[in-house]
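The values are calculated or read from the model by the stated rules, or taken from the named source; none is laboratory data. Just so it is clear, the structure is predicted and the values come from calculations on it, not from any experiment. Here the Cβ positions follow ideal geometry from the backbone for every residue, glycine too, while neighbour counts run over all protein chains shown. Keep in mind that these areas ignore ligands, DNA and RNA; they rest on the heavy atoms of the full protein, side chains included. Shrake-Rupley method; radii C 1.70, N 1.55, O 1.52, S 1.80 Å.
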Amino acid sequence: MQLNAMQGASTLTLYTILIVAVVQDFKCMKISNRLILMGLLLATVFGLLQGGIPQIIDILLNISFPVITLYILYLLGILGAGDIKLFSVVGGFTNLKMLLNCMLFAFVAGAVISLGKMLYHRNLQFSLFKGRIFMKEVLRGNISSYRETMAESKNLMHFSLAILIGVVGAQAYSYWG
């Protein structure tokens, strides 16, 4: 019974961190490193309490996975560093399977949010054109930042919201799926 209470506290902590990150992202287009460090520290504490020292190895692997796999998207300017670090926090609180599901759901949510923004701002065709040019340049080896290509602020999105939605979706999927 205590393990279930601990899991509940861990999940509540993760959601609190994610909600604070979304608020920070919307306010200043940045997620505080203090919040990220606090999330990583709390994930480690919960891991120690739930599984002891062996759990720390899993946490370290789960924290590292988003940094390693998403780094290219950061270099291309598609994801911000805060978004990748936020995925690492999620990895610290979950297992690898849940993290992968969170990432999948987050990218789907991000695509839906982006499409909605483009339709709302009536620039879908222009944005797709700019995206196509960007991809052609990347495939030719001319690496530049997507943020510079899509410099209009109305095209930028707060991906932390997609990450929060991804966590909710992945947890719902694991519960009902």
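Applying the set (1) β-branched (Val, Ile, Thr); (2) farther than 13 Å from Leu164 by Cα; (3) surrounded by fewer than 18 Cβ atoms within 10 Å (Cβ to Cβ) to Thr94 leaves exactly one unmet item: (3). Considering (1) in a helix (DSSP H, G or I); (2) out of contact with any helix residue (DSSP H, G or I) (no Cβ under 6 Å at 6 or more places or on another chain); (3) farther than 20 Å from Met157 by Cβ; (4) of a type in the set (Gly, Ala, Ser), the lone condition that Gly92 does not fulfil carries the number (2).
Just checking, how many residues over segment 1-56 are touching a helix residue (DSSP H, G or I) at 6+ places or on another chain (Cβ under 7 Å), assigned to a loop (DSSP other than H, G, I, E, B), of a type outside the set (Val, Ile, Thr) and open to solvent by less than 50 Å² (accessible area, probe 1.4 Å)? So the count comes out to 1. Please tell me if Leu76 is at pLDDT 95 or above and more than 18 Å from Ile165 (Cβ to Cβ). In short, no.
Would you please name the residue that is surrounded by the most Cβ atoms within 10 Å (Cβ to Cβ), looking only at residues in segment 101-128 that are within 20 Å of Ile84 (Cβ to Cβ) and aliphatic (A, V, I, L, M)? Step by step, filter segment 101-128, then rank; the result is Ala106.
Please tell me if Phe87 is surrounded by 17 or more Cβ atoms within 10 Å (Cβ to Cβ), aromatic (Phe, Trp, Tyr), under 13 Å from the mean Cα position of the chain (by Cα) and not in a loop (DSSP other than H, G, I, E, B). Yes.
Only one of the numbered conditions (1) modelled with pLDDT under 95; (2) under 25 Å from Gln24 (Cβ atoms) is violated by Phe107, and that is (1). Considering (1) crowded, with 17+ Cβ neighbours inside 10 Å; (2) over 24 Å from Leu37 (Cα atoms); (3) aromatic (Phe, Trp, Tyr), the lone condition that Phe65 does not fulfil carries the number (2).
Checking the stated criteria, Ile59 turns out not to satisfy the condition of being closer than 11 Å to Val89 by Cβ, touching a residue at least 24 places away in the same chain (Cβ under 8 Å) and assigned to a loop (DSSP other than H, G, I, E, B).
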